[in-house]
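Enquirer: Take a look at this one; I'll ask things after.
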Amino acid sequence: MFNALMNWFDQRLPILSFLRKHLSCYFVPKNLNFLYVFGIFALVMCFSQLITGIWLAMSYTPTTSEAFESIQYIMRDVNFGWLIRHMHTTGASFLFAILYVHIFKAMLYGSYQKPRELVWLFGWLLFALFSAEAFTGYLLPWGQMSYWGAQVITSLFEVIPFVGDSIAQWVRGDYTVSEITLKRFFALHVIGFPVLIGLLLFLHISSLHHVGSNNPKGVDIALKLDGKGKPLDAIPFHPYYTVKDLFYVLLMLGLFAAVVLYVPDFWGYFIESDNALPANILSTPDHIAPLWYFAPFYSILRAVTYPLFGIEARFWGAMLMYLSIFLLALLPWLDRSPVKSLRYKGKVSKFMFGLFVISFVSLGVCGVMAMNATALFIAQVSSLIYFSYFLLMPWFTKFEQCQNVPDRV
Amino acid sequence: MKVLDDSAVRFVGNIFLLMGLMLFSSVGLASQAKPYYIGEYEKNTDRDSIERGFVTYMQFCASCHKSEYVRHRRISADLEIPWEEYKEKWLGGAGNLPVFLSNSWTSDTAKEVFGVVPPDLSLIAAQKSPDWLYRYLHSFYADSSQPLGSNNLLAPNVKMPNVLAFMQGVIEKQSCVNGDQKGADQCITLVKTEQGVMEDHEFSAAIQDLTNFFVYLSEPSRLEAELLAPKVLLFILVFCLIAYLLKREFWKDIPK
């Protein structure tokens, strides 16, 4: 009976063959390590953000007079509203932490190289969209830091010569961040960006499943097939990786639950104390800082202190910040190494990657600190290393001596 | 002889009493000169402490400050005070009962009287840290140059009067170096010059309770979250263990 029903469906909509193609007959290298579960983590957190977001939107009011109050209403009067909101705020930080490890893994094992350039590009676009999603979402509580953070970032457009003011006004819909800005950010946060994120997730995973996963050794598993055409070093995604992922996802959810239930503000890093004050357009906080996950890029923005060609430093800082994100997209073409994984790349690549990771973390630390001379100097040096890594890559990857990649995983 | 003995004993006793009193007062004077010590805030979510803090709040804070995001019913439920008892004690019994922790001040009248609208305290512990609140409530000192006779080391020229002074005693500001020396303005300590109705440790305990109440007020769900946390974590842990065993069983098939 059940089989007959499934067959009836399958003849009209190929559910079974779809599941077979993407789960039980989707072959994955058998040597994927812990770093490879972060993609699934990101997917789980996206789902959590979607569900908690829907429930938050049921009680949130996007007006300047009621936004802050409606958050307090959710926190105090809605059944389990506090849990839903803290899952959403913690979820945003978790998602970015997961994305950074996911990107680190791709860079470590050269997962952006041929034939996975599109997987990387869709992933890069997803990162940009998640950033936009987080930025628009951060304005919604209408706290002091929400307001002034949005004010600082939207005012970056003002420094563009000739058309800056018009662009900033176009983004905000007003001369300053106002209720119009709040409403359009709300619309983009709950409808615009999530739809685009959904589409990009589909493209990211579809393109990955078309070319298959890379692995820590960067060995191409499609080159060694058995008699039936199945890769010798691969195992089906289901059940092997589904059970492995289930275990790691539960571990991650355990950590997530501990943060949500015990330290949802994460000592001021996930929810800032200034945001417990309603937005006040007449009182600028002493120290305006973005949330920790934007800190490395914010640090690059602040590291530029010299005006050039008669245009103020903020403009060049903003340009460098956008360039730092854009350079990531070019990675598949900047890396000319014949091998994928850092394990078999030359010493210069290893040294430069180490420096890059240190510079990125240093930029992050400087970005959450109040500006002082030492932090500025560290941020400037780190920015220099960050850009050098990308701009020198075509040379050091081409001329260095690489090790031989084994045939099998 | 017996009479003489008694009077001699009484005389010697009086001498000792006088010496004791002199010793006591000199110790008292010496302690006056000692800097006023403010301990550290210790975070806890003990309901009894929060309830004691609530009583202090209702007696000394609520008449000027509002906490308009907080419902009376919620406090009665969270602190397990029966609603009838709560109503009778804090809301004057029957009649038109207020829903939120509010008072009758309007912004205009409050501004007229205090020169500033007393801040809403619903989120005060989230805006300022609990440690800051704890120290702030200890750091008032007598200052005749201020309209209400008091000032605060942590918030100079604050408009709030020192309403808890009768508990704490009189605290005065003193420079820790001689007036004419360099840095006299920067180095300031508080000294206690008059005893209040509470000993120092009793007052600190009262402030600890009050701060705990403010922490609760900022996030009432914390009590619920910390009750829920062990259950959720235990559930995930058990589920995790089963998932691990399942994973191990399946991966036995895969040669290294």
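The values are calculated or read from the model by the stated rules, or taken from the named source; none is laboratory data. No experiment lies behind these values; they were computed from the predicted model shown. Counting neighbours? That spans all protein chains shown, and the Cβs are built from the backbone with ideal geometry, glycine included. Side chains included, ligands, DNA and RNA excluded: accessible areas come from the protein's heavy atoms. Shrake-Rupley method; radii C 1.70, N 1.55, O 1.52, S 1.80 Å.
Enquirer: Mind checking the alpha-carbon convex hull of the range B:31-238 and giving the volume per residue in Å³?
Expert: 160 Å³
Enquirer: Can you list the equivalent-ellipsoid semi-axes of the range A:367-409, largest first and in whole Å, using the square root of 5 times each Cα gyration tensor eigenvalue?
Expert: Each semi-axis is √(5λ); the values are 36, 14, 7 Å.
Enquirer: While we're on this one: Any idea what % of Cα-Cα pairs in the range A:289-409 are farther than 24 Å?
Expert: Summing the P(r) tail past 24 Å for the range A:289-409 gives 36 percent.
Enquirer: Kirkwood Rh over Cα pairs of the range A:340-400 into Stokes-Einstein at 20 °C, 1.002 mPa s: D in µm²/s?
Expert: 173 µm²/s
Enquirer: Also, I was wondering about something else. Using the Kirkwood radius over Cα pairs, work out the Stokes-Einstein diffusion coefficient for the range A:246-317 at 20 °C and 1.002 mPa s, in µm²/s as a whole number.
Expert: Numbers: Rh = 15.7 Å.
This corresponds to a translational diffusion coefficient of 137 µm²/s.
Enquirer: With a 1.4 Å probe and all protein chains kept in place, how much accessible area does residue B:76 have, in Å² rounded to the nearest 10?
Expert: Probe radius 1.4 Å; accessible area of residue B:76 about 10 Å².
Enquirer: Now, a different point. Could you pull the Cα extents of the protein assembly as shown along its three principal axes, largest to smallest, in whole Å?
Expert: Projected onto the principal axes, the Cα atoms of the protein assembly as shown cover 125, 74, 61 Å.
Enquirer: Per the Kirkwood formula on distinct C-alpha pairs, the Rh of the range A:172-321 is how many angstrom?
Expert: 21.4 Å
Enquirer: So for B:80, B:226, what's the accessible-area order with a 1.4 Å probe, most first? Let's see the in-between values first.
Expert: Working: B:80 135, B:226 55 Å².
Largest accessible area first, the list is B:80, B:226.
Enquirer: Turning to a different aspect of this structure: Placing +1 at every Lys and Arg Cβ and -1 at every Asp and Glu Cβ, with all other atoms neutral, what dipole size does chain A have around its Cα centre, in debye to the nearest 20?
Expert: Charge dipole, chain A, about its Cα centre: 1860 debye, nearest 20.
Enquirer: For residue B:196, enumerate residues with amide H under 5 Å from its amide H, sequence gap 5+ or separate chain, H modeled in the peptide plane.
Expert: B:169, B:170
Enquirer: Once the whole set of protein chains is in place, how much accessible area is left on residue A:196, using a 1.4 Å probe, in Å² to the nearest 10?
Expert: For residue A:196, solvent-accessible area is about 80 Å².
Enquirer: Stokes-Einstein at 20 °C, 1.002 mPa s, Kirkwood radius from Cα pairs: D for the range A:1-126 in µm² s⁻¹? Don't jump to the answer; show the numbers that get you there.
Expert: Numbers: Rh = 18.3 Å.
Estimated via Stokes-Einstein, D reaches 117 µm²/s.
Enquirer: Stretched out fully, how many nm does the piece from residue A:205 to residue A:170 gain, at 0.36 nm a residue minus the Cα gap?
Expert: Between residue A:205 and residue A:170, full extension yields 9.2 nm more.
Enquirer: Then there is this: Put a dot 7 Å past each Cα toward the Cβ at residue A:17 and residue B:37; how far apart are the dots in nm?
Expert: Label at residue B:37, label at residue A:17, 8.2 nm between them.
Enquirer: Would you rank A:256, B:250 by solvent-accessible area, highest first, keeping every protein chain in place and using a 1.4 Å probe?
Expert: My answer, sorted largest first, is B:250, A:256.
Enquirer: If you take the accessible area of B alone plus A alone and subtract the pair, what total do you get in square angstrom, rounded to 100, with a 1.4 Å probe? Don't skip to the end; give the middle numbers.
Expert: Working: alone 17170 and 21320 Å², together 35520 Å².
For chain B against chain A, roughly 3000 Å² becomes buried.
Enquirer: Here's a follow-up. Looking at chain A as a GNM with Cα springs under 10 Å, which of A:119, A:78, A:249 has the largest mean-square fluctuation?
Expert: Among A:119, A:78, A:249, the largest mean-square fluctuation in the Gaussian network model of chain A belongs to A:78.
Enquirer: Per residue, how many Å² of accessible area does the range A:1-159 show with a 1.4 Å probe?
Expert: Each residue of the range A:1-159 exposes 44 Å² on average to a 1.4 Å probe.
Enquirer: I would also like to ask the following. Once you've got the Cα coordinates, tell me which of A:224/B:256; A:21/A:350; A:224/A:345; A:30/A:114; A:105/A:224; B:66/B:89 are over 29 Å apart.
Expert: A:21/A:350
Enquirer: Leaving out ligands, DNA and RNA, and with a 1.4 Å probe, what % of the accessible surface on the protein assembly as shown is carbon or sulfur?
Expert: Result for the protein assembly as shown: 66 percent of the exposed heavy-atom area is carbon or sulfur.
Enquirer: Sticking with this one: Relative contact order for the range B:118-225: what is it in percent, counting Cα pairs under 8 Å that are at least 6 residues apart?
Expert: 31 percent
Enquirer: Roughly how many nanometres apart are two label points built 7 Å out from the Cα toward the Cβ at residue A:79 and residue A:348?
Expert: Inter-label distance under the simple model: 6.5 nm.
Enquirer: Go through the range A:1-60 and name the trypsin sites (Lys or Arg not before Pro) that are in a DSSP coil and have 10 or fewer other Cβ atoms within 10 Å of their Cβ.
Expert: On the way: sites: A:12, A:20, A:21, A:30; in loops: A:30.
When the trypsin sites (Lys or Arg not before Pro) of the range A:1-60 are filtered for loop state and at most 10 Cβ neighbours within 10 Å, nothing remains.
Enquirer: Take the Cα of residue A:58, step 7 Å along the line toward its Cβ, and report every residue of the range A:77-91 whose backbone nitrogen sits under 16 Å from that point.
Expert: Once the point is set 7 Å along Cα→Cβ of residue A:58, A:77-88 turn out to lie under 16 Å by backbone N, inside the range A:77-91.
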